[in-house]
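Since the structure comes first, as structure tokens, the remarks are kept for the end.
Just so it is clear, none of the values below were taken in a lab; they were calculated from the coordinates. As the structure is a prediction and not an experimental result, all values here were calculated from the model. Neighbour counts are summed over all protein chains in view; Cβ atoms, including those assigned to glycine, are modelled from backbone coordinates with ideal geometry.
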Amino acid sequence: MATILAIEDDWTVRTVLEHTLTSAGHAVDVVRGVSDARRSLADGKYDMVLLDLNLPDGNGLDLLRDIRRDQGATFPVLVLSGMRQEEAVVRGLELGADDYVTKPFSPPELLARVGRCLGR
């Protein structure tokens with residue numbers, strides 16, 4: 001079981017993430033934006049982060065860059081975004097995302113990618 005932080009502002013997606021991940025045995029904290037994510041990440045208790053890019057109080061790519069550069073975090077980050085443009089995918093991977101999943105997504109595929117990122 002992993003402890004996962006999901007950073008997602010859409011209520012429906014948050015609900016699906018929480019249900020999907022907890023049903024698979026993971027502990028999940030869900031936050032709506034960058035400022036809440038920064039507070040949660042300061043605790044250092046997460047094994048993985050799921051990160052939306054379009055957040056109400058900031059850019060997920062900026063947060064990803066900060067996670068990798070400033071915090072030196074080594075846990076996997078999976079970007080989960082509606083941005084399908086190749087430029088966004090490449091930028092996310094270049095900034096240190098371990099994987100990139102576009103919305104809408106299937107819960108089984110998400111779980112497979114989460115498992116792969118966690119090294120199962």
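Compute the relative contact order of the chain as a whole-number percentage, counting only Cα pairs closer than 8 Å that sit 6 or more residues apart in sequence. Normalised by residue count, the contact order of the chain is 23 percent.
Which of the listed residues, Ala73, Gly33, Gln85, is farthest toward the dipole's positive end in the chain, when Lys, Arg count +1 and Asp, Glu count -1 at the beta-carbon? Comparing the listed Cα positions along the dipole, Ala73 ranks first. For the chain, the mean residue ellipticity at 222 nm estimated from helices alone is -12500 deg cm²/dmol, where every DSSP H run of n ≥ 4 contributes -39500 (n - 2.57) and the total is divided by all residues, rounded to the nearest 500. Protection proxy ranking for 52-61, 20-29, 81-90, using the average of other Cβ atoms within 10 Å per residue and placing the highest first: 52-61, 20-29, 81-90.
When all alpha carbon pairs of region 3-113 are counted in 10 Å bins from zero, the resulting P(r) reads 15, 54, 30, 1 %.
Where the centre of each part is set by its Cα atoms, how far does region 5-83 sit from region 89-118, in angstrom? Computed from Cα coordinates, the inter-centre distance equals 12 Å.
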